[in-house]
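The next block holds one structure in the form of structure tokens; read it before the comments.
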Amino acid sequence: MAANWKMFKTRSEAEKTAQTLLSKIEGKVPADREVLIAAPFTALSSVDSVLGSQDWFHLSGENMYPAKEGAFTGEISADMLKDCGCGFCLAGHSERRHIMGESDEFVGEKVTFGLANDLSMILCVGETIEERKAGNVQQVIDTQLEKGLAGVEADIVPDRIVIAYEPVWAIGTGEVAGPEEIKEAHLFVRKKLENIFPDKFNDIKILYGGSVKPGNCAEIIALDNVDGVLVGGASLDGESFSQIVLA
Ligand code: 13P
């Protein structure tokens, strides 16, 4: 059950949200469920100070630059994320692809570099509404997975890679994808994973993201090939995200 806070929350706001979440779910997280928060760089340590000691919790960066260190003004390295308590990082979120112009190849470099530098990586994929209307959903996801996972070793530990299917038209719009659309896309992702990782594909988690709320979460995670959710807006409130975590 993953949260993506995007460019929201100061350090004190992040700490308060994490405390609210902890107070609502402590002692209630089922053994087979994990909770992840991808927070802005400046808030990572605040979240880690509240939740870092929980065995069900993972802290994640929202982005990373694929180099050890260097003259990359404004960027963050894998080592810097780990230094703040992160075990995970997102790559290829649609806002990075479409607002910052990141290519499929660059996203793939981040995945490869993050894995080689001890981060587990969450690769986000998903089509725009134009691509869906043109009947190109599978082609878009196929290319994003192919290029995003191009540098991943076939013997990868399956926990270290997570795929998040987030149709761009469902992100922040309140328009959640329908069950058939989600099932179809997730099955396609699973089959693609089978091609790439024939021994591991069933153990790689596939998350759905796009207007997930406390009221629709249980129905979504019950669908075939949906192993969890990646939540934006509804994760910003600790109470609301706690309901999603326990849905
Ligand atoms: P919303 O839950 O606000 O639609 O955002 C989804 C998302 O982009 C998570 O990464």
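Rule-based calculations on the coordinates, nothing more; no lab input. Computed from a prediction, not measured in an experiment: that's the story for all the values here. Glycine gets a Cβ as well: all are built from the backbone with ideal geometry, and neighbour counts include every protein chain shown.
Rounded, prolate or oblate: which fits the chain, taking a ≥ b ≥ c as square roots of the Cα gyration tensor eigenvalues, rounded meaning a/c under 1.5, else prolate when a/b beats b/c? Since a/c stays below 1.5, the shape of the chain is classed as rounded. Modelled label positions at Ala67 and Ser23, each set 7 Å beyond Cα in the direction of Cβ, lie 4.5 nm from each other.
Kindly rank 87-99, 218-230 from highest to lowest mean number of other beta carbons found within 10 Å of each residue.
Details: 87-99: 21.2, 218-230: 17.5.
Order by mean packing, descending: 87-99, 218-230.
Of all the options Lys28, Lys205, Lys183, the one that moves most in a Gaussian network model of the chain with Cα springs shorter than 10 angstrom is Lys28.
Less than 15 Å Cβ to Cβ from Gly52, Lys/Arg counted +1 and Asp/Glu -1: what total charge do the surrounding residues give? For residues surrounding Gly52, the net value is -4.
Cross-link partners of Lys16 among aspartates and glutamates, defined as those whose alpha carbon lies under 18 angstrom from its own and excluding same-chain residues fewer than eight positions apart: Glu26, Asp48, Asp237, Glu239.
Take the alpha carbon atoms of the range 87-107, find their center, do the same for the range 175-197, and report the distance between the two centers in whole angstrom. Each part reduced to its Cα centre gives a spacing of 19 Å. Take 19-26, 141-148, 118-125, 194-201 and order them by the average number of nearby Cβ atoms within 10 Å per residue, most first; the result is 118-125, 141-148, 19-26, 194-201. What is the distance in Å between the Cα centroid of the range 9-80 and that of the range 140-168? Result: 22 Å between the Cα centres. Under 30 Å of direct C-alpha separation, and excluding same-chain neighbours fewer than eight residues apart, Lys147 reaches these lysines: Lys6, Lys68, Lys82, Lys110, Lys133, Lys183, Lys191, Lys192, Lys200, Lys205.
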